[in-house]
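Undergrad: My questions all concern the structure below.
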Amino acid sequence: MKAAQRFTFCSILLASVATLPAYAACVDPVNQEGVHLQQQQQNGINYVSGGIGQDEACAIQQMRGYNLHITFSAGPDNKYESGIKVAIQGAQGHQVLSVDDVGPILLTQLPAGKYVVVAQLDGREMRSTVDLSSGKMQALNVHWREPSASKM
């Protein structure tokens, strides 16, 4: 019985690892020619969006100084998605950041507090709540079950 449970656990673990993007673990040096990341600011909030291609994905994952790391994915294969419309709302519902055409990774530096992240892909909306009160970095994966219509 224990052998069957161990086999099932290992199968699930291997299946989970197999669905990760190939560049989830960045071990090779980043070729800066393939990186086009630029910090931007809106309403006093610093943010960076990108992660398309292995070099840029590795570079953005290595960036520091941002307390909210959002990754956008969709479908059963967990494919990274870009072209996302994102609004981040503060505790009273006021919008602190609104950006179009971001992804597959969005890094933000927000003041301590609680926020609602509203993300839209092909008109499909996802809402997530994040608490940045602790001062520690928070990671959020926004995942749609169905892939983007443009990638089907």
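The values are calculated or read from the model by the stated rules, or taken from the named source; none is laboratory data. All values derive from a computational prediction rather than experimental measurement. Because the Cβ atoms are built from the backbone with ideal geometry, glycine has one as well, and the counts that use them run over all protein chains shown.
Undergrad: I'd like to check something: does region 14-25 contain any residue that is loosely packed, with under 13 Cβ neighbours inside 10 Å, at pLDDT 60 or above and over 30 Å from VAL96 (Cα atoms)?
TA: Checked against the condition, which is being loosely packed, with under 13 Cβ neighbours inside 10 Å, at pLDDT 60 or above and over 30 Å from VAL96 (Cα atoms), region 14-25 yields at least one hit.
Undergrad: Name the strands (runs of 3 or more DSSP E) wholly inside region 67-136 in which the number of residues that are without any contact (Cβ under 8 Å) to a residue 60 or more places away in the chain and either farther than 26 Å from ALA149 by Cβ or not hydrophobic (A, V, I, L, M, F, W, C) (or both) is 3 or more.
TA: 95-102, 114-121, 124-131
Undergrad: On to the next question. Going by what's in this entry, would GLN89 be described as surrounded by 15 or more Cβ atoms within 10 Å (Cβ to Cβ), within 14 Å of the chain's Cα centre (by Cα) and modelled with pLDDT of 95 or more?
TA: No, not satisfied.
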